[in-house]
Structure formats: structure tokens, C-alpha cells
Amino acid sequence: MTTSSFPTAVLFDLDGTLLDSAPDFIATANRMREARGMPALPLEQLRPVVSKGSRAMLAVAFPQMAESERHALVPEFLEVYEALICQYGRLFDGIETMLERLEQAGTTWGIVTNKPEYLARLILPQLGWEQRCAVLIGGDTLAERKPHPLPLEVAAQRIKVACGACVYVGDDERDIVAARAAGMPSVAALWGYRLDGDDPLAWQADHLCELPQQLWQAAAWPAAKRASA
């Protein structure tokens with residue numbers, strides 16, 4: 001179901017939805033591999049798992065290691081990534097125009113990501129979003145993270161909008177699961193990162209969107225309530 005007006009509020013996942021951060025992450029993984037005398041990986045080898053988090057990326061970068069060994073590398077991975085953040089990553093084509101159209105329509109928007117909050121906050125000034133992004137919830141902000149609905153529920157509370165009046169946009173199944181559990185209409189961002197076996201149709205999002213440009217028009221958004229919390 002679509003609506004003829006933009007939603008009251010939109011919450012976004014970050015990596016794979018707003019930001020093509022895969023180039024930053026492959027640079028991170030390859031710096032770590034280089035330090036261990038290993039050859040560089042191609043971007044496309046890491047790209048599908050970016051939305052799965054640091055452990056999934058380390059599994060691709062160091063498949064020969066035991067899981068416990070890779071787990072011990074997470075702090076190093078985050079430290080190297082912090083030094084490289086936004087050096088190579090870019091917004092997906094069409095995202096900036098989409099945000100501008102939401103703002104012109106009076107829509108409040110924010111970010112709910114499983115990335116650690118301190119890293120997500122480093123990205124905002126590099127994109128000029130400090131004043132534009134109304135709320136930011138990271139994966140370590142609360143006691144729960146996606147696919148639990150709590151981060152979406154708290155984000156809606158902080159911007160004083162009912163969950164049913166928000167739309168959540170994400171590129172991973174856990175994004176859609178979290179939105180459904182929060183009673184929030186959802187959009188599956190098909191331009192993001194997915195494994196070959198992922199089936200976005202099975203996620204049961206309210207809307208599947210191939211490109212950010214499709215969301216430039218109000219009619220492309222799933223219907224949401226127009227009530228404040």
C-alpha cells in the first residue's frame with residue numbers, strides 16, 4: 001500500500017542503505033591482511049557480508065582462523081576502520097536527493113544502525129548530517145540491537161513520533177524483522193549488501209525498492225499513520 005504524501009518520519013539503517021561503506025571495510029580488512037603477510041582481497045569478496053557486521057567480515061578476511069581467533073580481532077578491526085572511516089565510502093547514488101525531498105516535505109529522519117554508536121557519530125560530520133539527522137541509535141546504544149525492535153522503538157520515542165508513523169528502511173532481513181516487531185512499516189533496500197542466498201521477498205517488507213531514486217516520490221513510500229507519539 002502506498003501513500004500520496006511522505007511519511008511523518010523515516011528511520012534508516014546506515015551501512016548498505018544510506019552509505020556504501022564497503023570500500024572502507026575492504027581497506028580495513030586488507031590493511032590487517034597485509035600486516036600478516038597476506039594478499040589483498042577484492043572488494044566484491046567482502047561486499048555481500050558488510051551488513052552482517054565485523055565478525056562476518058573477519059570470517060571472509062581470515063577464513064583459516066578459528067572463530068575464537070577472529071573474535072579476538074574485532075577490536076583491531078574497529079580501530080583500523082575508525083582510522084579509515086569515510087575515506088573511501090560514499091553515499092549511494094540518489095540518497096542525498098531523497099533526503100532533501102524528505103526534508104522539503106517536513107519529514108523527520110534519523111538512523112538506527114548496528115554499527116557501534118561512536119563510529120556512526122564519526123560519519124555524521126563528514127556528510128554534513130549533524131543537524132539534519134534527528135536521532136542516531138547504534139548497536140551498542142541500548143541493551144538490545146536489531147533484529148530486536150527496541151532500537152526502533154527508542155528512536156521513535158526520541159523524535160516524539162509513534163512507531164506506526166515511522167517507516168524503516170534497511171538492506172538486511174534483521175532490519176525488516178525489527179520494523180515488523182516494532183509495528184513500523186518497512187522498505188527493503190535492494191541496492192544494499194546481500195548474500196547470494198538471501199531472498200528479500202521472504203523478509204515480508206511492506207515495500208521492496210531497487211534504487212534510492214524510487215523514493216524521491218511520495219507515492220513510493222508505504223502508508224504510515226500521521227499521528228505523533
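Quick notes on this structure:
- Only one of 120, 155, 182, 178 that is within 22 Å of residue 84 (Cα to Cα), in the same structural domain as residue 99 (by the TED database) and buried (at least 23 other Cβ atoms within 10 Å of the Cβ): 120
- Residues that are under 17 Å from residue 122 (Cβ atoms) and either touching a helix residue (DSSP H, G or I) at 6+ places or on another chain (Cβ under 6 Å) or touching a residue at least 60 places away in the same chain (Cβ under 8 Å) (or both) occur in the stretch 26-46; there is at least one.
- Matching residues in the stretch 79-95 - criterion: being open to solvent by 30 Å² or more (accessible area, probe 1.4 Å) and in contact with an Asp or Glu (Cβ under 6 Å, 6 or more places away or on another chain): 88, 90
- Of the set (1) among the aliphatic types (A, V, I, L, M); (2) surrounded by fewer than 19 Cβ atoms within 10 Å (Cβ to Cβ); (3) within 16 Å of the chain's Cα centre (by Cα), all apply to residue 189 but (2).
- Selection within the stretch 119-157 - without any contact (Cβ under 8 Å) to a residue 24 or more places away in the chain and more than 17 Å from residue 177 (Cβ to Cβ): 121, 124, 125, 128, 129, 130, 131, 143
- Positions within the stretch 199-229 being among the charged types (D, E, K, R), surrounded by 14 or more Cβ atoms within 10 Å (Cβ to Cβ) and at pLDDT 90 or above, in sequence order: 206
- Test: residue 53 is on the phi > 0 side of the Ramachandran plot, without any contact (Cβ under 8 Å) to a residue 40 or more places away in the chain and not assigned by the TED database to the domain that holds residue 189: no
The values are calculated or read from the model by the stated rules, or taken from the named source; none is laboratory data. Because the structure is predicted, anything quoted here is derived from the model rather than measured. Neighbour counts run over all protein chains shown; Cβ positions are idealised from the backbone, glycine included. Side chains are part of the model used for accessible areas, which takes the heavy atoms of the whole protein and leaves out ligands, DNA and RNA. Shrake-Rupley method; radii C 1.70, N 1.55, O 1.52, S 1.80 Å.
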